[in-house]
Amino acid sequence: MGVKQDIILKLNAVFEPEILELEDISERHRGHAGWRSGGESHFHLKIATRHLASQSRVAQHRAITDALKSEFDAGLHALTIEVVDI
């Protein structure tokens, strides 16, 4: 299973989102720090979930990055996060 699928499974389990879109944007970062051949190093996440609805933007981002700690430890370099209202 790839990094993208791991992230999707983890976020679905932790946040039970109504919307979850994850785009691999690694190719846009070719030559930058953290880029690796084959992709799956940089992602853009769009998520809507009641679990994050009442939190500040900083708390939302912290909750998501905490949930993905093992993915970051394994080489995920960057994740842009867009939390949208339900």
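Derivation of every value follows stated rules applied to the coordinates shown; laboratory data play no part. Just so it is clear, the structure is predicted and the values come from calculations on it, not from any experiment. Quick reminder, even Gly has a Cβ in these numbers, built from the backbone with ideal geometry, and neighbours come from all protein chains shown.
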*Mind counting the residues in segment 53-86 that are within 10 Å of the chain's Cα centre (by Cα), more than 15 Å from F15 (Cα to Cα) and small (G, A, S)?*
1
*Output the residues belonging to segment 42-71 that are touching a residue at least 12 places away in the same chain (Cβ under 8 Å) and of a type in the set (V, I, T).*
I47, T49, I64, T65
